Amino acid sequence: MTLRPWREAEEERDREAIAGFVCTLPLPPPRRTWEKSVQRFFQKDVWHKLRQLEGTDPHLRVAEDEDGIAAAYTLNRWDSVFPQYSPAEGYGNRLIGYLAIAARHRRTRSGVADETLLDALYTALDVEKEADRGVLVWAKVHRRNEASKRLLTRHQFRYETRVDDDAYLEHWVRSIAR
């Protein structure tokens, strides 16, 4: 399986493809509600949300294969009033808002999830040009989403215990030095 190069999605060109992006597996109950909410976000809400986040330099990046969109994620600057989220001087701050892998690549060991997260990390470094010391990259993960936690752990993210969880979402962070 070969992915075409990662690229920035454009609403005019990609609206129909994103609306048909399927990233949930048909699972028997109990359903994984976080998977359905991520799929709903990409299919129905992504363009509206990106417009709302316009002041935070939002990015929607997609990778395609011969069958269409294989993976997608959003990334934006994350300014916060909470000191736990404020990076030290010289560091940028980015949030991976949503990350999804097409259902056809899930549970296949194809490496698409790892490639997607790596692209997000490199993109965070690339877009934070003024951050001369590095970038803090944040991710929020449903507390029962063990697969995503394993992915983040493989890529040196750590669960940030000093930050209160957002209800059922845990905060994970990785610092990338320049």
### Summary
Residues meeting the amide H criterion for residue 92 (H placed from the backbone, H to H distance under 5 Å, 5 or more places apart or on another chain) are 134, 135, 136
### Residues with amide H under 5 Å from that of residue 9, placed H, sequence gap 5 or more
60, 61, 62
### Query
Given 0.36 nm per residue, what is the gain on full extension from residue 52 to residue 168 after removing their alpha carbon distance, in nm?
39.4 nm
### Task
Counting other Cβ atoms within 10 Å, keep those with at most 10, restrict to DSSP loop, and tell me which trypsin sites (Lys or Arg not before Pro) in segment 106-157 are left.
107, 109, 129
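Stretch residue 126-residue 103 to full length: gain in nm at 0.36 nm per residue minus the Cα-Cα span?
Values: separation 23, 0.36 × 23 = 8.28 nm, distance 2.86 nm.
Between residue 126 and residue 103, full extension yields 5.4 nm more.
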### Candidate lysines - alpha carbon under 22 Å from residue 36, same-chain residues fewer than 8 apart omitted
44, 49, 140, 149
### Task
Could you pull the Cα extents of segment 32-104 along its three principal axes, largest to smallest, in whole Å?
43, 25, 23
### Label-point separation in nm, residue 12 to residue 158, each point 7 Å along Cα→Cβ
4.6
### Query
Residue-wise, which Karplus ³J(HN,Hα) couplings in Hz belong to segment 123-132, taking 6.51 cos²θ - 1.76 cosθ + 1.60, θ = phi - 60°, and x for glycine or proline?
5, 4, 5, 5, 7, 8, 5, 7, 7, 6
### Query
Taking the Cα-to-Cβ direction at residue 66 and at residue 79 and moving 7 Å from each Cα, how far apart do the two end points lie in nm?
4.7
## Note on the structure
Taking every alpha carbon pair in segment 38-178 and sorting the distances into 10 angstrom bins from 0 up to the bin holding the longest one, the percent per bin comes out as 11, 42, 38, 9, 0
### Summary
Between the residues 56, 73, 108, the Cα farthest towards the positive end of the dipole of segment 7-177, that dipole coming from +1 and -1 charges on the beta-carbon of Lys, Arg, Asp and Glu, is from 108
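Readers should treat all values here as calculations from the given coordinates under stated rules, not as data from a laboratory. Just so we're clear, the structure is a prediction, and the values are computed from it rather than from any experiment. Cβ coordinates were reconstructed from backbone atoms using ideal geometry, including for glycine residues, and neighbour counts include every protein chain displayed.
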